[in-house]
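Here the structure comes first, spelled out in structure tokens, and everything after it is commentary.
The values are calculated or read from the model by the stated rules, or taken from the named source; none is laboratory data. Computed from a prediction, not measured in an experiment: that's the story for all the values here. We place every Cβ from the backbone using ideal geometry, glycine too, and count neighbours over all the protein chains shown. Please note that ligands, DNA and RNA were not included when accessible areas were found on the heavy atoms of the full protein model with its side chains. Shrake-Rupley method; radii C 1.70, N 1.55, O 1.52, S 1.80 Å.
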Amino acid sequence: MEACPHILDVLCPLHAILDPEGRIAHAGPTLSKLRPGRDLADADAFEVFEVTRPRHVRGMAALLAHAGQCLHLRLRDAPRTKLKGVVVPAPGGDGAILNLSFGISIVEAVRDYALTNADFAATDLAVEMLYLVEAKSAAMEASRQLNLRLQGAKIAAEEQAFTDTLTGLKNRRALGHILERLVVRGARFALMQIDLDWFKAVNDTMGHAAGDQVLQHVARELVEATRGSDTAARIGGDEFVLVLRDPGGQAEVARVATRIIRRIETPVEVAGRETRISASAGSALSWRYTRPEAERMLADADRALYASKAAGRGRHRFAGQDD
Amino acid sequence: MHGLINRAIQGFVADTYGRARWIAVTHLADLGFADFEAMMIYPPELTQRVLDAAVRELGKARDELLEDIGIYLASHPQAEAVRRLLRFGGVTFVDFLHSLDDLPERARLAVSDLALPALELSEHAPGRYTLTVSGEHDGFGPMLLGVLRAMADDYGALVYTELRRAGPGSDALEITLVESAYAEGRRFVLGGSD
């Protein structure tokens, strides 16, 4: 028993030898390091440690009743590090040996007490565990960064897949998705088909580059004439569709159409030349249908649009409007 | 080749010579992208192309470049995580040398698909070691030489190292430990942020 502390200091440096009264007869080197300002020798073990599991263990008899079992302890003063422990009766029957480990609180413990490799037994897996925690955290962080970049790329790709690259408006695919959602939700909306008039002449006389500029100009006008909750899409060469959410009544939709046609008709300078075009429009209103369907509303709006064109261009009509 | 290895080459070029030089390397190598992803796997010939391009762009001999990458990995602030993980190998430089046998396993524990060449340390006289490196890909030997030199400084040990090339992917590093506590060395605490 005399040589025992030295052996234990090497094999399990985080231990305490308790005398029969429960006082600390010897503290292992790592245990001493946990309370640097305090001489643990002769201190009452139950004043230093609180046994949290099993409950109500105080005094040597109660402690030794749990010999060989896993104990949960905590230091009584700050930092109140949690410890795992096991107690065995000392050889010869006087006192006990209490061996301790940090368990899952190891990461905080090495930080709180500035522990080094030398504070752990050579066979202790603590350092390997700390290595793993650090290596895995670094690997996880690298993976997290990759995920963030991939998600950013995915959003950008989706954005691109749903965007008309020339004008930045939504494309036909995006429009299809938006209409489906509105229909499923039973939302109240107006669908307006807009076709440019005299656009072919611009393209033929001034070239495609000028034509593209006109289309971009129209796109800007559409965005400016509508609200953020509305959708402007380009679904063909000079064909546009507006989706107006909760637009009020038919009169408000008609006012929006008129405003847009007037803005498009305002002459613009393209490639140094004044350019004039116009637009015809036709609208379908979701609340006019008992069960609105995207396809049918698009077809009805398209028919109204052609009626506008036939009636002399630069006009707007509603689906089912007779005059 | 694992993205971490490609990323190490990128980090070395960009952090040492600037981002513009790295971009020049990617163009020379005809990479088609500017950044390697640390957690993705790339074809091995891509790594060789990047190394060839870096040799041309930086005007360095290949082994010298690889050694500099090793030094970068073990000592540059941007690669501090690597240095810390290496320091977990042991309290002294000799402990660290003996931990190198386990390095490929340690690497695999952290990142399961990271394959490093097999390492074996033998001590044939007190303070005289040979580290044999044998792997599928060439270049780890000179890189490890750089890592060893930087880690010796980190531990404050005085060592002489020499590389013997023994065929593609096979190298022997001769290490002579003159003094293990020659200089102060850098601090390392388990709890991090030292």
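Label sites at A:SER229 and A:GLN250, each approximated as a point 7 angstrom past Cα along Cα to Cβ, lie 2.3 nm apart. With a 10 Å cut-off around each Cβ of B:108-117, the average count of Cβ atoms from other chains is 2.
The Cβ shell under 15 Å around B:SER170 holds other residues with a net charge of -4, Lys and Arg each +1, Asp and Glu each -1. Charge tally for B:MET143 (other residues, Cβ to Cβ under 12 Å; Lys, Arg +1; Asp, Glu -1): -4. To the nearest 10 degrees, how steep is helix A:250-265 against the longest Cα principal axis of chain A, on a 0 to 90 scale? Roughly 80 degrees between the two axes. Sequence-distant or interchain residues sharing an amide H contact under 5 Å with B:ARG186, placed H: which? Answer set, sorted by chain and number: B:TYR155, B:GLY156.
Per-atom-type breakdown for the protein assembly as shown gives carbon and sulfur 53% of the accessible area (1.4 Å probe, protein chains only). Using Cα atoms only, what is the angle between the long axis of helix A:294-310 and the major principal axis of chain A, expressed in degrees (0 to 90) to the nearest 10? The helix A:294-310 is inclined about 30 degrees to chain A. Of the GluC sites (Glu not before Pro) in region B:96-173, the ones in a loop by DSSP (not H, G, I, E or B) with at most 12 other beta carbons within 10 Å are B:GLU136.
Per-residue surface analysis assigns B:ILE71 an accessible area of about 60 Å², computed on protein heavy atoms at 1.4 Å probe radius. Between A:GLY103, A:GLY37, A:GLY95, the residue with the greatest mean-square fluctuation in the GNM of chain A (Cα pairs under 10 Å linked by springs) is A:GLY37.
Using the beta-carbon distance between A:THR290 and A:LEU150 and R0 = 56 Å, what value does 1/(1 + (r/R0)^6) give for FRET efficiency, to the nearest 0.05?
So the FRET efficiency works out to roughly 0.80.
Taking 8 Å as the Cα distance limit and 6 or more residues as the minimum spacing, I'd like the relative contact order of chain B as a percentage.
Working: 317 pairs, mean separation 33.6, N = 194.
Relative contact order comes out at 17 percent.
A 1.4 Å probe, protein heavy atoms only, puts the accessible area of A:ARG273 near 130 Å².
Counting only protein heavy atoms and using a 1.4 Å probe, the accessible area of A:TYR306 comes to about 120 Å².
Taking Cβ atoms as reference points and 12 Å as the exclusive limit, the residues near A:GLY95 contribute a net charge of -2, counting Lys and Arg as +1 and Asp and Glu as -1.
Entry note, chain A: relative contact order of 12 percent, from Cα contacts under 8 Å with a spacing of 6+ residues. For region A:155-163, the Karplus equation 6.51 cos²θ - 1.76 cosθ + 1.60, evaluated at θ = phi - 60°, returns couplings of 4, 5, 5, 5, 4, 5, 5, 10, 10 Hz by residue, with Gly and Pro reported as x. With the simple model of a label 7 Å out from the Cα in the direction of the Cβ, A:ARG76 to A:GLU159 spans 6.2 nm. Once the 1.4 Å probe is applied to the protein heavy atoms, the protein assembly as shown comes out at 50 Å² accessible per residue.
How many Lys pairs in chain A lie less than 23 angstrom apart by Cα atoms, where the lysines are 8 or more positions apart or on different chains? For chain A, qualifying lysine pairs total 5.
Of the beta bridges in the protein assembly as shown, as assigned by DSSP with both residues counted there, near 95 percent are antiparallel.
Per-residue mean of foreign Cβ neighbours for B:99-107 is 1 (Cβ atoms of other chains, 10 Å radius).
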